[in-house]
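Read through the structure below, which is laid out as structure tokens, and then see the notes.
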Amino acid sequence: MRIFLLVVLITPLFYLINEPVYSQNDQVEEISEDDDLEVVRRVRFSGNQNVSNSALSTLVRTRTNREFLSIPRFTPWYYIWTVFGVGESPSELDRETVSTDINRITIYYENLGYFDVEVDVSIVEYRESRFEVTFIIDEGVQSRISSISYTGLPSFESEGVLNEFFEQSIFRGTMRNDSTFTYNQPYRVQQLRDEQTRIINFLKNSGYASVQRDSVRALLRRDDDDSTEIDVLFTIRPGNSYNFGNVYITLSGPDIEIEEFDDTQVLSGEPHTHEDYSITIQKQNSSQSKFDLISERLDFTPGEPFDQSAYLSTINAFQSLGNLSITRFGLSENSSIADYSLDEIPVYFDLQTLPKHSLSAEFFGMRRYGFGTGVGLNYNNNNVFGKAENLTFGINTNLEYVPSGTLSEIAPRDTLGRRTSSGAAIFQSYEVRAEYSIPRLNFPFRALDESQFIESARTRYSLTYSQSNQLFFNINSDVRFNVRYEFRHSQRRSSFLDLLELDIVDTNPSAQFRQNLVNEFGEGSFELLRIEQDFNPQFSSIIRYSFRSSNTDLIKRNFGFFSEYSIAFAGNIPFLLDKFVITPGVIEESLPSPFGISSNSLAYSRFIKLTADYRRYIPLSPNTVFAIRAFGGFAQPFGKSSTIPINRRFFAGGSNDIRGWIPFRLGPGSIRPDEVTIHGGEIKIALFKEFRQIFLQDIFGAQWHVAWHTDAGNVWYGPKNRFIDESDEDLLRDGKFFLDSFYKQLAVGSGIGLRLDWEFIVARFDATFRVHDLEMGWFNNKQLYFSFGIGHSF
């Protein structure tokens with residue numbers, strides 16, 4: 001790693017020697033094999049006042065070698081090739097490509113309304129076999145769209161249909177008449193294409209199934225007095241109107257070789273179809289599915305006007321079931337394309353169920369205090385009662401061996417400062433879980449299944465039971481139950497509602513555990529009180545709503561964005577039981593263990609929790625991505641509660657968070673790590689950025705990325721977290737959030753890393769320096785911290 005860092009640091013020095021700015025007398029020789037090649041070392045743009053260099057750089061094919069982190073002329077992979085013969089070969093000058101690039105730039109400008117643009121090129125050999133290519137651009141004056149008109153739109157029974165169509169136009173403005181808008185904005189050909197697509201989709205969703213792209217044209221007319229003013233007329237030829245015809249669906253079992261069907265159902269008349277229309281469903285007994293599972297997924301009614309959005313929504317509904325695949329869908333018996341010579345368009349679906357039962361096992365290694373191994377077994381039934389109900393059972397168990405030397409290092413000290421543990425130990429745990437889900441909404445949201453704002457939905461019920469033993473501390477039982485409703489609003493947007501999330505944790509700290517705490521912190525100390533509170537048996541309940549929006553590839557993360565926002569309320573169910581059932585009229589802030597699970601009473605906390613997570617991925621070039629992330633979280637106890645349970649707090653540090661710090665051990669605030677025994681906080685702010693660039697292609701089947709990352713953030717105690725000592729001082733002040741000083745407590749880590757990007761998995765290696773170490777200050781910590789992860793960090 002030190003050698004790699006040295007190469008990265010000295011590379012710019014070689015470039016200052018080997019690539020001077022227009023120095024014709026430089027006598028330095030390059031040890032390379034490309035002396036006879038015409039190498040492109042600089043690509044410039046001149047005269048582009050209204051289009052950025054970066055936009056033009058992605059447009060042209062005449063390029064220099066890849067620039068590390070998009071730093072101009074910083075091309076280490078090419079430099080490595082010149083020295084060692086491996087890396088990236090020189091980017092050669094191709095005059096035909098330059099000519100094509102001139103046409104590309106011209107067309108691009110014309111699409112932006114610069115119809116009088118002129119593009120020329122200057123190719124300068126500033127040094128032997130080293131060339132600078134400059135595209136010289138005279139943009140001219142940008143044209144503007146003065147008005148938008150529509151002609152040829154069909155008539156509808158309801159006047160509101162066309163009114164809504166015009167209101168949704170991106171060109172809407174002051175209406176001159178019933179089909180013309182005054183727009184007066186810069187010309188953009190992409191806007192015209194988007195409007196053409198919108199018109200086509202509007203017509204296809206209104207019965208005009210045969211409309212094609214050449215059915216909608218945009219005609220341009222320049223103003224006689226001012227050639228930069230353009231009137232646009234959309235001419236529309238919608239063709240004939242069509243209805244949905246009969247629907248034919250086949251459902252086969254997992255064995256694709258069987259071609260005969262065992263049962264047929266024909267649905268005709270209300271509420272399934274209009275008069276004289278039918279839905280025919282044929283299925284094999286091996287599909288083990290009910291007819292209702294199929295017929296309820298149809299989002300259109302045979303006999304009604306053709307609606308492309310309803311047709312595509314039906315396809316998505318079949319795909320989202322999870323127990324079958326679509327082998328064919330189309331609008332004619334032998335083709336996906338409809339026969340537009342008919343008045344009706346029949347619809348065909350061929351479906352095949354997946355194997356109903358599956359069993360999987362997994363083996364894994366682990367390291368926490370020592371080394372361990374575990375095994376997991378999972379059973380899945382994806383069609384329990386014939387309507388795509390999914391049932392999963394799973395069990396995981398693991399053993400961890402902790403050597404005596406390691407155990408003595410992590411054990412608490414006694415009053416004389418000696419570690420209280422000797423000998424090796426084996427820690428073990430197991431977890432049993434069950435999950436049942438159905439592809440629809442259950443009570444109390446069943447009526448929302450037909451909502452226009454929901455494309456598909458799923459209801460999940462999960463139950464988990466686990467036990468584990470640790471150093472001086474056992475979890476006798478941890479019972480979790482959750483009811484979740486999942487709503488898919490569109491391809492990009494989803495919502496999740498955890499209506500009932502219950503967690504009962506019965507813990508059993510040993511007497512030695514408490515004595516060790518007393519020895520280390522003292523009787524009645526804040527640390528003792530908080531740790532005892534955190535590790536007491538607890539009963540928590542949460543209702544949470546999350547909204548997620550994303551248009552990126554969740555594995556590659558090389559374009560688009562991802563965002564998630566959530567709000568949660570906790571503790572209301574145990575509070576209501578405490579107030580009205582267990583001890584009516586008296587709030588004791590604890591409950592007896594249900595069903596006699598334990599003799600311990602269960603504490604609870606009431607709080608509200610908010611989170612916001614936004615991530616953006618900006619392609620800087622075909623091989624370079626700039627990624628940013630911002631995260632904010634706030635949790636506040638209310639009522640008589642003064643703390644947040646330890647498993648609901650915010651934490652910082654780790655390979656997927658602020659790199660350079662141990663997972664969960666950063667903060668709160670600027671409290672020194674050796675003084676912090678209560679980790680986590682109620683407030684979190686974090687900012688992340690990362691440059692990623694491919695430098696090797698298809699090595700061991702992976703794309704190799706080099707990355708430069710910088711992470712900043714921390715967690716803080718909230719306003720309700722206070723502990724006053726005998727001198728009336730708040731011992732937690734250095735860990736609390738203050739608006740005028742929190743920025744001074746932001747830990748900053750920065751470094752470089754390697755990404756091995758296969759098709760379905762990314763392996764990540766990072767080396768990080770603590771740029772701002774809260775103990776040592778800025779740039780004073782010279783230690784390098786290494787981390788490993790699966791997938792991009794964000």
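In a loop (DSSP other than H, G, I, E, B), farther than 25 Å from GLY713 by Cβ and either touching a residue at least 40 places away in the same chain (Cβ under 8 Å) or in contact with a strand residue (DSSP E or B) (Cβ under 6 Å, 6 or more places away or on another chain) (or both), is that true of ILE573? So ILE573 fails the test. Scanning the range 181-221 for residues that are open to solvent by 40 Å² or more (accessible area, probe 1.4 Å), touching a residue at least 24 places away in the same chain (Cβ under 8 Å) and basic (Lys, Arg) turns up ARG188, ARG198. If the condition is being of a type in the set (Asp, Glu) and within 30 Å of ARG172 (Cα to Cα), then the range 226-258 contributes ASP226, GLU229, ASP231. The set of residues from the range 126-157 being of a type in the set (Gly, Ala, Ser) and touching a residue at least 24 places away in the same chain (Cβ under 8 Å) comprises SER129, GLY140, SER143, SER146, SER147, SER149, GLY152. Within the range 330-345, being in contact (Cβ under 8 Å) with a residue 12 or more places away in the chain and in contact with a Ser or Thr (Cβ under 7 Å, 6 or more places away or on another chain) holds for GLY330, ALA338, TYR340. Can you find a residue that is at positive phi and either at pLDDT 90 or above or open to solvent by less than 40 Å² (accessible area, probe 1.4 Å) (or both) anywhere in the range 24-44? No: zero hits. Annotation: of all residues in the range 647-671 being charged (D, E, K, R), assigned to a loop (DSSP other than H, G, I, E, B) and open to solvent by less than 40 Å² (accessible area, probe 1.4 Å), the one that is nearest to LEU687 (Cα to Cα) is ASP657.
Every residue in the range 433-478 that is among the aromatic types (Phe, Trp, Tyr), farther than 21 Å from GLN491 by Cβ and not in a strand (DSSP E or B), please. Those that are among the aromatic types (Phe, Trp, Tyr), farther than 21 Å from GLN491 by Cβ and not in a strand (DSSP E or B): PHE443, PHE445, PHE472.
Within the range 689-702, the set of residues being in contact (Cβ under 8 Å) with a residue 12 or more places away in the chain, more than 17 Å from PRO76 (Cβ to Cβ) and surrounded by fewer than 21 Cβ atoms within 10 Å (Cβ to Cβ) comprises LYS689, PHE700, GLY701, ALA702. Looking across the range 454-470, the residues that are at pLDDT below 95 and either among the polar types (S, T, N, Q) or open to solvent by 40 Å² or more (accessible area, probe 1.4 Å) (or both) come down to GLU455, SER456, TYR465, SER466, GLN467, SER468, ASN469, GLN470. Looking across GLN308, GLN319, GLN288, one residue alone is without any contact (Cβ under 8 Å) to a residue 24 or more places away in the chain and out of contact with any Phe, Trp or Tyr (no Cβ under 9 Å at 6 or more places or on another chain). It is GLN319.
If you filter the range 111-127 down to residues that are open to solvent by less than 40 Å² (accessible area, probe 1.4 Å) and assigned to a loop (DSSP other than H, G, I, E, B), you find that the one that is nearest to THR82 (Cα to Cα) is VAL117.
Taking the range 128-235 and the strands (runs of 3 or more DSSP E) fully enclosed by it, the elements with 1 or more residues that are modelled with pLDDT of 90 or more are at 130-138, 144-151, 180-186, 216-222.
Among the residues making up the range 273-301, those that are open to solvent by 10 Å² or more (accessible area, probe 1.4 Å), within 19 Å of GLN352 (Cβ to Cβ) and not in a loop (DSSP other than H, G, I, E, B) are THR280, GLN282, LYS283, ASN285, SER286, PHE291, ASP292, SER295. On the basis of being buried (at least 18 other Cβ atoms within 10 Å of the Cβ), over 32 Å from the mean Cα position of the chain (by Cα) and either modelled with pLDDT under 80 or part of a helix (DSSP H, G or I) (or both), does TYR108 make the cut? Criteria not met by TYR108.
From the list THR75, THR58, which residue is within 21 Å of TRP704 (Cβ to Cβ) and at pLDDT 70 or above?
Working: THR58 fails: within 21 Å of TRP704 (Cβ to Cβ).
From the options THR75, THR58, the qualifying one is THR75.
Filter the range 320-349 down to the residues that are acidic (Asp, Glu) and out of contact with any Gly (no Cβ under 9 Å at 6 or more places or on another chain), then identify the one that is farthest from TYR208 (Cα to Cα). Looking at the filtered set, the residue picked out is GLU333. If you filter the range 302-337 down to residues that are open to solvent by less than 40 Å² (accessible area, probe 1.4 Å) and more than 37 Å from the chain's Cα centre (by Cα), you find that the one that is modelled with the lowest pLDDT is SER332.
Residues are listed down the side, and each one gets a yes or a no for (1) of a type outside the set (Gly, Ala, Ser); (2) open to solvent by 60 Å² or more (accessible area, probe 1.4 Å); (3) at pLDDT 95 or above; (4) farther than 30 Å from ASP553 by Cβ:
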{"position": "ALA568", "(1), (2), (3), (4)": "no, no, yes, no"}
{"position": "ASP578", "(1), (2), (3), (4)": "yes, no, no, yes"}
{"position": "VAL581", "(1), (2), (3), (4)": "yes, yes, no, yes"}
{"position": "GLY585", "(1), (2), (3), (4)": "no, yes, no, yes"}
{"position": "SER590", "(1), (2), (3), (4)": "no, no, no, yes"}
{"position": "SER598", "(1), (2), (3), (4)": "no, no, no, yes"}
{"position": "THR611", "(1), (2), (3), (4)": "yes, no, yes, no"}
{"position": "PHE634", "(1), (2), (3), (4)": "yes, yes, yes, yes"}
{"position": "PRO645", "(1), (2), (3), (4)": "yes, no, no, yes"}
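Of the residues examined, THR710 is not one that is touching a residue at least 12 places away in the same chain (Cβ under 8 Å), crowded, with 16+ Cβ neighbours inside 10 Å, under 29 Å from SER540 (Cα atoms) and of a type in the set (Ser, Thr, Tyr).
The single condition among (1) polar (S, T, N, Q); (2) surrounded by 14 or more Cβ atoms within 10 Å (Cβ to Cβ); (3) under 18 Å from the mean Cα position of the chain (by Cα) that ASN572 does not satisfy is (3).
Checking each residue in the range 158-172 for being in contact (Cβ under 8 Å) with a residue 24 or more places away in the chain and under 30 Å from ASN50 (Cα atoms) picks out GLN168, SER169, ILE170, PHE171. Scan the range 144-180 for residues that are of a type in the set (Phe, Trp, Tyr) and open to solvent by 80 Å² or more (accessible area, probe 1.4 Å) and the total you get is 0.
The values are calculated or read from the model by the stated rules, or taken from the named source; none is laboratory data. Here the structure is a predicted model, which is why all the values come from computation and not from measurement. Cβ sites come from the backbone with ideal geometry, for glycine too, and all protein chains shown count toward neighbours. Protein only, heavy atoms only, side chains kept; ligands, DNA and RNA dropped before computing areas. Shrake-Rupley method; radii C 1.70, N 1.55, O 1.52, S 1.80 Å.
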